[in-house]
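What follows is a single structure, written as structure tokens, with notes after it.
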Amino acid sequence: MIEILRVFLFGFFAIFIGLFFMGIGRKIIARIQLRLGPPFYQAFLDVGKLFSRKSITHNFVMDLGMVMSLAGLVATMLFVPIAGHTAIKTSSNLIVIMYLMAIGYLGMAMAVAASGNPNATIGVSRALTMMLGYEVPFFTVMLGLIIINGTSSLELIANSQAGSILNWNMIKFPLGFIAAEIALQAMMGEKPFDAMIAPAEIASGPMVELSGKYLGLAFLTHAVSIFVETAIIVNLFMGGASNIFTFVLKQFEIYLITVIIEAVFPRFKIEQAVKFLWTVPMSIALLQLVLIVF
Amino acid sequence: MALGDKSVYSPLTTLKNLFKRPMTIKYPKEILRVFPKEGVSPNYRGLHTNDLEKCVGCAACQRICPFDAIEMKIIGQNEQGRAIKKPVVDYGRCSFCAFCVDVCPTNSLKMSRHYIYKIKTVKSLSAKDEVEFVKDKFRIMPDEKLGDDIGYNTGKAKKVLG
Amino acid sequence: MTSRWDVERFGIGPMATPRQADVLLVTGYVSLKTLKRIIRTYEQMPEPKWVLAFGSCTVNGGIYWDSYNTITNLAEYIPVDITVSGCMPRPEAVMDALQTLMKMIQSGEAGAYKKYKENYEYYKANQDRVLRKTYPILGEKLIQNEEAATSIE
Amino acid sequence: MDAPSYMLTKIAEKDDLAVYELFFGPNHPGMHGNFGYVLEMIGTEIVKVRPNAGQLHRGFEKLMEQKLWVQNIALVPRICVVDPDPNEVAYCTAIEKIMGIEIPDRAKFIRTITLEMSRLTSFLMGMGALGAALGLYTPMYIMTADRDLILDLFEWLTGGRIYHIFNIPGGVRNDLPEGWVDRLNKVLDHLEKRLIEYDKILFENPIVHKRLKGLGYVSKEDAVRFGLTGPNLRASGNPYDVRVDDPYAAYAYLDVKVIIQEGGDALTRAVQVRIEFEETIKLIRQALKLMPEGEVRLNLGNLAMLKVPKGEAYAKVESSKGEFGYYVVSDGGMKPYRVAVRGPSLPAGLLLAQKHLPKMKIDDVAAWMGSLAICPPDIDK
Amino acid sequence: MKLSKEEIIDLLKQRGLEVNDLYPTQISVIVNKENLINHLVYLKSIGFDHLSFINAVDFIDEGEFELVYHVWSYTNKVHVLNKVRIDRNDPKIPTIVDLWEQAQFYEQEVHEFFGIVFEGNKDLSPLFLENWLDIPPLRKDFDTREFSIRLFDAKPNGGDR
């Protein structure tokens, strides 16, 4: 029973922190654009409003897809150690996380393709190619860390970096961190790699047909994805902190970097994005791998 | 390219905006700080004002109005029994071009600096007469109400349109 | 919504599709082709929706009242919540209208979309009269094609 | 990718790939103004394009035939919202040409200054829209805010923010209020300082370079043959500028530097607009220095009764989008017999679309339109 | 080879065309329908390579349309208005799409607003107006105010015209 309660607690905690980050992110982007941004709790208001609206569904597949995408991401979140304790302890959860992360986006893709809007179909094909793009460098970086720590369990990797800041993986493997940072930017669909939610070209891609509650669900999925991805990076490179506050603080630093990059860069075309992802971060990750192996 | 060639760091320099004061004018609390009086320029062309004593009802403004926005309304009889007519501006047609102000022989018609005028539709009205309701609400007989802060008026300067 | 008149302070932002939008801003004149798309956009928007009509062109035809291609009054075709005067209303007037709309929504006073369902025939009749003309308006000479108007595809 | 037929309107079958129809339609976030292309596409590649113009058609030429000569001036700036002044100046220059009158020098200079300021506002809007089409919203927000500073100056001078209705046949309506000129100088200095920031964020941004390089290439001869004008023409290497070739207002007294760039692709057009922005600021400063004192308007009697002698004239003005032309025919009456308007964006919007879009992918359409500064209202008029 | 305006006027006069000099940079030439094409080809050969635009004027009382081809030369800095008169009842004129490709859209526009048929122009489909059943709107006998009153029940406010 306690177990289930912990799972729910983690779920709500992830959504709360994710929305909180989104609100602050919009405020920072606004300040970069020399304007007063929305209040920091704006994301909560948006989600609240969206859930109060009537929504239009096309068919059953769309409902299933949306719920599946949120469930996929929350499932990924369960395996990520947050400040020392994880919801479900397994020995090699890094591999499970890598697999489960794809579920979230597949769910979204299925829901949106069912909506039949050509813009959405293009958006979905872009999202999946983008996924192809960022997973290759990200997994090479992970491979490197697994080899060096001899284990694929995130907790052990995180604990191996305890102690002073000097033995954080970020300091020991700076190249790996840069490659992971670029891949993170693409994973979250932030600006240089947000060809799938490109409002100027395909009218906000997959989210074209989502209204009311579905858009609310998409918002939550995005919030949880922010939380999960930053949590993975914190555990891998910045040594998962012992108590919650330092953990959230570190997550916020990572999110800050992505928001800053988002505010000042336009987006790549989809083939340019994948070409960029497979050349720049990939070569850094391979270099890192070579350094680790020898 | 005359400009410096492309570099990854140049866009990051805009991050210094984070430490600058935002340019936003917080509208409800703060009025545009550019112009002293009420935030709008001294000779802004806003809603009309008309000095009803000086206005003789000659309909010069009605003739010059490019978009047929002025209608002369009879508001009574004078001693000789001729009807007294005053201009009524239909803000559903007016383009705020201020030709009428230039043409007014007695300089009674002027344009104030007020620009906020909106009509909320009444839910109780049915669709058909709501259309008429809004149209009538947009027909206003300008009087001295907005007369205190006159914006556009060619009283002192030479007549433009003769 | 630019840096100087930031509307995002009130959480108002442009959305890419009618599905995600709540308020439809009709700024200025509406030509026949645009009217067809405005009606389609309006009907695509999910239920609690509001319409703001800007400028004199939506009230009584504005400066194009005698043009053959622009409608005179928007409220005959879709229900409007607030109409703002001004030929290009000022940014302050726009923000003032948006804030009054937000107050109206909280107080439950803004419900023009219900009116669309109640007297749908009135709106539909107006829309068909304008969009599905089957006979030439000014009549008589020089009409080659007599077949019925193309339906709204 | 043969999507089930009920979902997409499949039009044709082209080597077993379904050609479907996508509306890059009128109300599309990437679209500048109310204009649309009906794209027939395979996957994300465009096969055929049909322009869907006409949403902004208000029948200006018909309305102008029914209004007095002076009344049209309130109607004319509404043609192109982004750059209203060239319309007024072109219309008034055409009338002055037919009447054979010469407006006083000070009026010429005031006209030139308002034209160049309107050009600044249009360039700011154009550069911002180009950035937004690529996904970079920061410059758009800052540029539109700076544009507001110029609109405040217009509001003080003419009484209207966007539509100034300030030129009349025979000159301008009122003189510069005092204190206006040094506020203008302050704004120009601010803009020049801000220009360095624009360079950093938009023009030296590597991803902007990657996205715009080679997009929508127009060779030097094609630009002339297709009838492109303005910055689009000069970005392909043709040194032609209406202000130099056929000077009007006070351009004869000023030396207008014609900037040309070899290149002709979207990136060169963006940089062309940026350098012309800087040149316009210098031009305004030059005009402010040389501005004489004196009368602001010829006294043509009661303008409401203005009768233009029988005749015809074509007046050209260099707007920020290209050559704005007014062909006015008068039969000696109180109303123009015929006014025809030449919008600069028609060759770019309709003809180049047929040339460039079919080879392009969907994600370049918005950037392509932004770089060509296509302003749909002056296509539909 | 930059030609001055006077030289151009003489050249055109030798070709037997009626030329009058309007303004310092503008001349107008009356051309008849038959030799319009080779007149434009000739102009193009002596440096007039920019077709500003094509428009039509409806002289209803003379029962004629007048098509004006605006051509500008970047080298000679002269603007030529080539005016062609065609009968109002069967308005036909050969197309010049093969001289300038943008003429396609100018002709489409003139066809839609005046009803002038351009022979040889492949696609004269309506460009701006949708579902238009009346006579072409820019003709003088089309009254837009009456149209707006009947269709959109616009009410004039009494400003006399």
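Bear in mind these aren't lab numbers, they're just calculated from the coordinates by the rules spelled out. For clarity, every value in this text was computed on a predicted model and none was experimentally measured. Glycine gets a Cβ as well: all are built from the backbone with ideal geometry, and neighbour counts include every protein chain shown.
Brief remarks on what is shown
- Cα gyration tensor, the stretch A:1-102 - rounded (a/c under 1.5), prolate or oblate: oblate
- Kirkwood Rh and Cα Rg combined as Rg over Rh, evaluated for chain D: 1.00
- Span from the the stretch A:70-126 Cα centroid across to the the stretch B:108-142 one, whole angstrom: 54
- Projected label distance in nm at D:Glu45 and E:Asp123, using a 7 Å step from Cα toward the beta-carbon: 2.1
- Residues whose amide H falls under 5 Å from that of B:Ser112, counting only those 5 or more places apart or on a different chain, are B:Gly46, B:Leu47, B:His48, B:Thr49, B:Gly151, with hydrogens built in the peptide plane.
- Most mobile listed residue (B:Leu52, B:Leu109, B:Leu125) in chain B, GNM with C-alpha springs under 10 Å: B:Leu125
- Dipole of the protein assembly as shown, positive direction: furthest Cα of E:Leu127, A:Ile244, D:His164, with charges on the beta-carbon: A:Ile244
- The residue among A:Asn159, A:Ile182, A:Ala218 whose Cα reaches farthest toward the positive pole of the charge dipole of the stretch A:153-247, with charges on the beta-carbon of Lys, Arg, Asp and Glu, is A:Asn159.
- Estimated FRET transfer efficiency (B:Asp149, A:Leu64; beta-carbon r; R0 45 Å; 0.05): 0.15
- Largest GNM mean-square fluctuation across B:Lys86, B:Lys145, B:Lys26, computed for chain B with C-alpha springs under 10 Å, falls on B:Lys26.
- When chain E is treated as a GNM with alpha-carbon contacts under 10 Å, the residue of E:Leu127, E:Leu81, E:Leu67 showing the greatest mean-square fluctuation is E:Leu127.
- Its alpha carbons considered, the stretch D:143-251 gives a radius of gyration followed by a Dmax of 18.7, 49 Å.
- Rounded to whole Hz, the Karplus (6.51, -1.76, 1.60) HN-Hα couplings of the stretch D:321-338, x for glycine and proline: 9, x, 8, 9, x, 10, 9, 10, 10, 10, 10, x, x, 7, 10, x, 7, 7
- Once the C-beta distance of D:His209 and C:Asp128 is scaled by a Förster radius of 51 Å, the resulting FRET efficiency is 0.50 to the nearest 0.05.
- Working note: Karplus 6.51/-1.76/1.60 with θ = phi - 60° gives the stretch D:290-305 the couplings 7, 6, x, 7, x, 5, 10, 7, 6, 8, 9, x, 6, 5, 5, 9 Hz, where Gly and Pro are set to x.
- Pairwise FRET efficiency - C:Tyr135 versus E:Asp98, Cβ, R0 = 60 Å, nearest 0.05: 0.95
- Linear extension gain, A:Ser52 paired with A:Phe245, 0.36 nm per residue minus alpha-carbon span: 66.3 nm
- Whole-number percent relative contact order across the stretch E:1-135, with pairs defined as alpha carbons under 8 Å at least 6 apart: 19
- Relative frequency of Cα-Cα separations exceeding 27 Å in the stretch E:5-131, percent: 18
- For the protein assembly as shown, the Cys residues with no second cysteine's beta carbon closer than 4.7 Å are B:Cys55, B:Cys58, B:Cys65, B:Cys94, B:Cys97, B:Cys104, C:Cys57, C:Cys87, D:Cys80, D:Cys92, D:Cys375.
- Sites matching trypsin sites (Lys or Arg not before Pro) across the stretch C:10-98 that sit in DSSP coil, with at most 14 neighbouring C-beta atoms within 10 Å: none
- Residues of the stretch E:37-74 with an amide N closer than 15 Å to a point placed 7 Å from the Cα of D:Val244 along the Cα-to-Cβ direction: E:74.
- The C-alpha atoms of chain D define a longest principal axis, and helix D:180-198 lies at about 20 degrees to it.
- With N as its number of residues, the stretch D:249-351 has a Cα radius of gyration that, divided by 2.2 N^0.38 Å, comes to 1.45.
- Every Cα-Cα pair in chain A was counted, and those over 25 Å apart are 47% of them.
- Near the amide H of D:Asn52, within less than 5 Å, lie the amide hydrogens of D:Gly36, D:Tyr37, D:Val38, all on another chain or at least 5 residues away, with H placed in the peptide plane.
- Cα pair count fraction exceeding 17 Å, expressed as % - the stretch D:94-166: 55
- Computed per residue of chain A from DSSP H runs no shorter than four, each worth -39500 (n - 2.57), the mean residue ellipticity at 222 nm is -24500 deg cm²/dmol.
- Counting only Cβ charges, +1 for Lys and Arg and -1 for Asp and Glu, the dipole size of the protein assembly as shown around its Cα centre is about 2420 debye.
- Cα pair distances of the stretch A:126-219 binned at 10 Å [whole percent]: 14, 34, 25, 19, 8
- Note on the stretch D:10-52: with charges restricted to the Cβ of Lys and Arg (+1) and Asp and Glu (-1), its dipole about the Cα centre is near 220 debye.
- For chain D, the longest piece that avoids every one of the GluC sites (Glu not before Pro) found in DSSP loops with at most 12 other C-beta atoms within 10 Å covers D:1-101.
- Under the Debye formula (equal points on every Cα, no solvent term), log10 I(q)/I(0) of the protein assembly as shown at q = 0.04, 0.07 Å⁻¹: -0.23, -0.70
- Surface/4 of the Cα convex hull for the stretch B:33-152, nm²: 9.4
- Euclidean distance between Cα centres, the stretch D:28-63 to the stretch E:1-77, Å: 33
- Binned Cα-Cα distances of the stretch A:178-263, short to long, each 5 Å bin given as a whole percent: 3, 14, 20, 22, 17, 12, 7, 4, 1
- 5 angstrom amide H check on E:Gln26, placed H, neighbours 5+ away: E:His79
- Coupling constants for the stretch C:133-138 follow from the phi torsions by the Karplus curve (6.51 cos²θ - 1.76 cosθ + 1.60, θ = phi - 60°), and in residue order they are 5, 10, 10, x, 5, 8 Hz; glycine and proline get x.
- Relative contact order, whole percent, for the stretch D:60-380 stands at 27, derived from Cα pairs under 8 Å and 6 or more residues apart.
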